Amino acid sequence: MWKPAEKIKFETHPGAWPTAEDAGRSLLFSPISHKALSLSSRTWIPAMVPWRATDDGFVTQDNIDWYARFAQGRPGAVVVEATGIRDVPSGPLLRIGHERFVPGLRDLAGAVKAASDGETRVYIQIIDFLGIRRRPAADKFFERFLRVTDRHRAALGAADWTEAEVRAALAAKPADELATILTPRELQDLTMGFRERVTDTHVPHIAELPAVLPGLFADAAVRAREAGFDGVELHYAHAYTMASFLSATNTRTDGYGGSLENRLKLPREVYAAVRRAVGDDFAVGCRYLADECIEGGNTAGDAPAIGLALAGDGMDFVSLSRGGKFDDAKQPKVGEAVYPYTGRSGYECMPGYISDVVGPFGRNVPATAAVRAALRASGIETPVVVAGGMHGYEQAEGVLRDGKADIVGFARQALADPDWFLKVRTGQGGAVRLCEYTNYCEGLDQKHKQVTCQLWDREQLDEPGMAKALDGKRRLVAPAWKRG
Ligand SMILES: Cc1cc2nc3c(=O)[nH]c(=O)nc-3n(C[C@H](O)[C@H](O)[C@H](O)COP(=O)(O)O)c2cc1C
Ligand code: SF4
């Protein structure tokens, strides 16, 4: 992963833990309700893909065990990983694009309720993403993938060459010459792998996204409701379709790009369709970026206006993430696909312990606070969820007391210790296993391997009935908390 040049090492510093009485009086462990959102505490586990679905996108027992383990710690809410809204093959990522996925999802939602005695709310993050291919070997790219155009022929002086001759000539050119012959996009396809963009409006299925996506999201939300979830989180963040519509880099000219008003159009239409389909008593919110952290992208200055529009339309919550874009991702190796968490924006999304002067803890708080302040100034009470390096009680309680957010998201900290919530609430914070922000888990995610935490995945490997990763060396869920 990309690291800031300063390379300052940070240690997790949770500060003091509360007694059970103090926790009982805290904001963090007090309920929050807004419209269809109703949580027993202001704690939240944001979506994390654990790579446990079947290759056809069905829920597995490992998925169920993963979420049930989080629910045992009794957070206010857990958001199930990004789940695809289309009925198309997409590898071992959960899908909700057809009725056949509902029974498995129902088991998953039911397992969260059962493991928390009904205390933890379970939401599901629903996502659309565009096509992406692995980086091709150069010879294959010129042989098969490149579409030969007049531009190539003109550059080579090859007006009457056969296509095969043009391909062979291009394949033999050095990189610096290719940079002048290929279009920037062709060069990207060669060096990074082909990837669809929302601006590819010459491609019919991309042009049609605004017509198609509201219905797909709405159908997915109806299935989520049927499956027993308490709500959906529309994935408008990171590197995926909806975030790309929102992005300042979206230059579509069909009314869905350009000005912020136009870029907001599809996210608002998707929300309206979802709301119409599920009614008012089912929580519908979204996750979007408080800052895209890329050149030419939305900044923290744009985030309040986006929040005002989305929350103003009636969303039950908005959850703020940051970064995680393809735009600044590292070049993948030949045969691998570009991964949107390898550049600076990726660092901003999942900041590691090697950091800059700001450090990895609460980096997203100021930008999130600005969104919340804008909402409140307009009389909009929509709860705002913050995430990024949150791990300590004083840190979380301080953010809430200072009115910087309404709900605190703990992703990697919950992965390191799913019992964080129960331990802290019952005055046993000293027993918390603290995340070290090493990003070992994120490295597994990048390799599409079953995600675990290095702090517990080699513990008690002889426990009877315990599920192990495919490599046979790691346990898949955190060991049970042995209360002192
Ligand atoms: C393994 C892993 C998978 C993730 N998957 C998702 C995802 O499916 N959707 C999403 O919005 N964020 C995803 N994230 C980002 C987290 O939700 C969170 O925003 C990020 O890790 C920063 O919060 P933290 O510092 O509390 O971990 C993932 C993070 C990790 C570590
Ligand atoms: S592997 Fe564990 S300790 Fe390291 S960042 Fe992930 S959750 Fe934290």
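Please treat every number below as a calculation from the coordinates, not as lab data. Computed from a predicted model, the values in this text were never measured in an experiment. All Cβ positions, glycine included, derive from the backbone under ideal geometry; neighbour counts span all protein chains shown.
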If unit charges are put on Cβ atoms (+1 for Lys and Arg, -1 for Asp and Glu) and the dipole of the chain is taken about its Cα centre, the option from LEU455, PHE129, CYS293 lying farthest towards the positive end turns out to be LEU455
GLU165 versus LEU434: modelled label distance in nm, points set 7 Å from Cα along the beta carbon direction: 7.0 nm
Taking 7 Å along the Cα-to-C-beta vector as the label spot, tell me the ARG268-GLU336 distance in nanometres, rounded to one decimal. 4.2 nm
Viscosity 0.692 mPa s, temperature 37 °C: Stokes-Einstein D of region 1-78 from its Kirkwood Cα radius, in µm² per second? 203 µm²/s
With a Förster distance of 35 angstrom and the Cβ-Cβ distance between ARG100 and ALA158, calculated FRET efficiency to the nearest 0.05 equals 0.10
How big is the charge dipole of region 101-214 about its Cα centre, in debye rounded to the nearest 20, if each Lys and Arg gets +1 on its Cβ and each Asp and Glu gets -1 on its Cβ? 180 debye
Where labels lie 7 Å past Cα in the beta-carbon direction, separation of GLU394 and ARG133 in nm: 5.5 nm
Using a simple charge model, +1 on the beta-carbon of Lys and Arg, -1 on the beta-carbon of Asp and Glu, nothing else, what dipole does the chain show about its Cα centre, in debye to the nearest 20? 540 debye
Charges only on Cβ, +1 for Lys and Arg, -1 for Asp and Glu: so what's the dipole of region 138-192 about the Cα centre, in debye to the nearest 20? 140 debye
Go through 141-152, 387-398 and give me the packing order, highest mean Cβ count within 10 Å leading. 387-398, 141-152
For the chain, calculated [θ]222 nm from helices alone, where every DSSP H run of n ≥ 4 adds -39500 (n - 2.57): -10000 deg cm²/dmol
For every other residue with a beta carbon closer than 10 angstrom to the beta carbon of ALA431, add +1 if it is Lys or Arg and -1 if Asp or Glu, then tell me the sum. +2
Measuring from centroid to centroid over Cα atoms, what is the spacing of region 16-95 and region 452-469 in Å? 21 Å
Rg and Dmax of region 138-192, using alpha carbons, in Å: what are they? 10.1, 31
Can you give the alpha-carbon Rg of region 101-172 over 2.2 N^0.38 Å, where N counts its residues? 2.32
Radius of gyration, Dmax [region 199-319; alpha carbons; angstrom]: 14.0, 41
Under the √(5λ) rule applied to the eigenvalues of the Cα gyration tensor, what semi-axes describe the equivalent ellipsoid of the chain? Give them in Å, descending. 39, 25, 22
Principal axes of region 337-440: Cα extent on each, largest first, Å: 42, 41, 27
